[in-house]
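> Got a structure for you, questions after.
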Amino acid sequence: MVRYVLGLLAGVGSLLLRDFLSPFFGEHNPYHTAWLAVVFAARYCGLGPAIVTVTIGAVGIWYLFLSPAHSFFGKGVPEVSGLLGFLAFSGVIIALGDSTRRSIAKREKAEQDLRRAQEELEQRVHERTATLQKRTAEVIEKATLLDLANDAIFIKTKASGDAISYWNKGAERLYGWTASEALGRDPAELLRTSYPIPLAEIEQHEVWEGELSHSTRDGRRIIVASRWTTLRNESGQPIGWMEINTDITDRKRAENAARSLSGRILNLQDDERRRIARGLHDSLGQYLAALKMQLGIMSVSDGHQATLISEATEIVDRCITETRTVSHLLHPPLLDEAGFGSAARWFVEGFAGRSGIAVDLSLPPDLGRLNSDIEIALFRALQEALTNVHRHSSSPKADIRVALEPKQVRLEIQDYGQGMPAETLRQVSRGAGKTGVGVAGMRERVRELGGHMTIQSDSRGTQLTVVLPLGHSPQLSREDAEYRNKITAA
């Protein structure tokens, strides 16, 4: 509406200006002022207002300034030709002006859009810069906290070819390499890592915990408790792993030394049992046998006391039997003389007779003699397991299987009783809780000989499995031996 008003005013103003200049122009050049109005309207007001301006100018000039003036009729051919020329050139001016106006408007709009886009871009850059600075500050803060940790923490990423991309101060202190020396290197190669299971299997876990063997910069081998966490991107794809390691070398050395001492104590216990058993058999047994002979002589020489002496003889017989049984249970002579197979058969027969539990013993025909430490460990495991079957399982029978394999011997004892409670089984499997001296002794014997022991139990019964390597000779490292000697001396 404003543009149309301006176009109207421009047309009227051109007529007033032409009337003001009439004394100078007379009847000649009636369109001079109208051209100015047309150009103004075409440039600034647009197509419609320009047409209004041309129309007002043409009508006003035709009526006011062309002869005869103040009349719409009676005009000659020159006047009509001039008016048509005015209209034609006005149309050209309007077309050019409107095109120019549109181009200028588009350019201004484009410039305005560009300024708006630039402002939005600057705003986004500012926001992203602020976010990046905030995240950078958070990362720096977290990195600072990680550097304060005593544990060794490092990250390896797939993007760097499974190379180290972060190495904290704790890792520098533990391993000896600085961050600049460790970054970009393969951790398995740098630390000469020994894995308990294949590395690919570890990396498949979301979280993995275990013990690893590493080398430090000065060549020392250390044991670390390692915790792995898989790092994922926004899409959930794995992009790397964070590893947190705690040095447990001294603790493992102390455990090995304690285990060795425990094994030594068990060996001393076996030696003491053997000595006591021989003492009972050779000394007390001989004395009881001599006493029985003397009572026999007295019963023949003195008939009056024959009844009392006969009762005393029976008591002595029971003492001899019990002494022999205790002696053999402490350390069966067959174990030293004929080996584990014969000792196992003797013990199983006696156990079945005393307990009323049916026992099925299966021994390989080619068992032969084994290392004395292995035979003692197998016999003690058999002895302790059957004792537990009698005390706790309420099982009517038990199956014992011994398998001789190329590099190891396997002992399996199965009962068919009530089984062990789940919590007790977990404690026994971890070697924790109140597992009893017998179970702990079995476990230590087996560990000392480089084997392993497992216990499986459910409502159908319990199975004990002992696996021992053949020809194993337990040895301690120099550091562990020195540590054990210090404890022994103390």
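The values are calculated or read from the model by the stated rules, or taken from the named source; none is laboratory data. Note that the structure is predicted; figures quoted are calculated from it, not measured. Backbone-built Cβ (ideal geometry, glycine too); neighbour counts: all protein chains shown. Areas reflect the complete protein model, heavy atoms only, side chains present, ligands, DNA and RNA absent. Shrake-Rupley method; radii C 1.70, N 1.55, O 1.52, S 1.80 Å.
> If you rank Tyr44, Tyr416 by how much accessible surface each has, with a 1.4 Å probe, what is the order from largest down?
In descending accessible area the options line up as Tyr44, Tyr416.
> So, one more: If I model a spin label as a point 7 Å beyond the Cα along the Cα-Cβ vector, how far apart are those points for His32 and Ala403 in nm?
Going by the 7 Å Cα→Cβ label model, 12.5 nm.
> How much length is gained if the chain between Arg345 and Arg220 is pulled fully straight, taking 0.36 nm per residue apart and subtracting their Cα-Cα distance, in nm to one decimal?
Here the answer is 40.0 nm.
> Moving on. State, to one decimal in nm, how far the label point of Leu121 lies from the label point of Val77, with both points 7 Å from Cα in the Cβ direction.
6.5 nm
> With the Cα gyration tensor of the stretch 1-112 giving a ≥ b ≥ c as the square roots of its eigenvalues, does the rule (a/c under 1.5 for rounded; else a/b larger than b/c for prolate; else oblate) give rounded, prolate or oblate?
prolate
> Something else: If you take the beta carbon distance between His205 and Asp366 as r and set R0 to 56 Å, what does 1/(1 + (r/R0)^6) give as a FRET efficiency, to the nearest 0.05?
E(calc), rounded to 0.05, equals 0.85.
> Using a 7 Å offset from Cα along Cα-Cβ at Leu21, what residues in the stretch 34-50 end up with backbone N under 11 Å from the label point?
It comes to 34-37, nothing else.
> Compute for the stretch 18-77: radius of gyration divided by Kirkwood radius, i.e. Rg/Rh, restricted to C-alpha atoms, rounded to two decimals.
1.02
> Now for a separate question. Would you mind calculating the gained length between Arg460 and Tyr44 on full extension (0.36 nm times residue separation, minus the Cα-Cα distance), in nm to one decimal?
139.6 nm
> Quick one: if you stick a label point 7 Å off each Cα along the C-beta vector at Arg232 and Ser160, how many nm between them?
Calculated label separation equals 2.3 nm.
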